[in-house]
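The values are calculated or read from the model by the stated rules, or taken from the named source; none is laboratory data. On a predicted model such as this, the values are computed, not experimentally measured, just so you know. Using ideal geometry, Cβ is built from the backbone for each residue, glycine included, and neighbour counts are taken over all protein chains shown. Heads up: the accessible areas ignore ligands, DNA and RNA and are worked out on the full protein's heavy atoms, side chains in. Shrake-Rupley method; radii C 1.70, N 1.55, O 1.52, S 1.80 Å.
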Amino acid sequence: MGRSRGPLFTKEIDNIIIDQMKKCSHLPKPYVKVREVLPQYTSKQIRQRWISRLDPRLCRKYLDDDEKSFIVQWVENNQEPNGTIHWKNLINEIEHNFGKLRSENKIKNFWNQRKKRIYRDTMYLNIQNNSTNQFDSIFCA
């Protein structure tokens, strides 16, 4: 049985969050202030909604090739030995270098799709190489 995620966000709720963030974004804990108006949501849910969907500074266009190359290079240079990637730092670097605020989801989706594609291509090449080697040992001996 799945966990309950609480009420869904509606356009009306989104508008309330946007309005409240205009008023409270300069405060130390703006999401807690917004939660006072929307007690059915946690401040964490409100924060996540803001940073991934509602922040008007978010660039919703596709990542361009320069951004993709930057992400790959940044992760190669900054990924922890245990594999941890500090996405917030990467988001700040992208905004600084390209003048575009990207959501964490957009960057993670790009990275994970890239990893999956590399893995799939590697597996395909391994299967191809094994098939050729087996063919050679059977028919070319």
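Numbers for the structure displayed
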quantity: Check: the range 11-54 dipole with +1 on Lys, Arg Cβ and -1 on Asp, Glu Cβ, in debye; calculated: 180
quantity: Cα-projected label distance for LEU8 with HIS86, points at 7 Å along beta-carbon direction, nm; calculated: 3.8
quantity: Simple label model, 7 Å out from Cα along Cβ direction - LYS108 to ARG53, nm; calculated: 1.5
quantity: Of all accessible heavy-atom area on the chain, the percent that carbon and sulfur account for (1.4 Å); calculated: 51
quantity: Over 18 Å (Cα to Cα) - which of LYS22/LYS106; LYS68/LYS108; LYS44/LYS88; LYS61/LYS106 fall in this group; calculated: LYS22/LYS106
quantity: FRET efficiency for TYR124 and GLU76, using Cβ-Cβ distance with R0 set to 22 Å, rounded to 0.05; calculated: 0.45
quantity: Helix-only mean residue ellipticity at 222 nm for the chain, each DSSP H run of n ≥ 4 adding -39500 (n - 2.57), per residue, nearest 500; calculated: -21000 deg cm²/dmol
quantity: Sparsely packed trypsin sites (Lys or Arg not before Pro) within the range 24-84, loop by DSSP, other Cβ within 10 Å at most 10; calculated: ARG57, ARG60, LYS61
quantity: Cβ-based charge dipole, the chain, positive-most Cα from VAL37, VAL75, ASN89; calculated: VAL37
quantity: Cα pair distances in the chain, grouped into 5 Å bins until the bin that holds the longest one, percent each; calculated: 2, 8, 14, 14, 12, 12, 12, 8, 5, 4, 3, 3, 2, 1, 1, 0
quantity: Loop sites in the range 9-75: chymotrypsin sites (Phe, Trp or Tyr not before Pro), DSSP, at most 13 other Cβ within 10 Å; calculated: TYR62
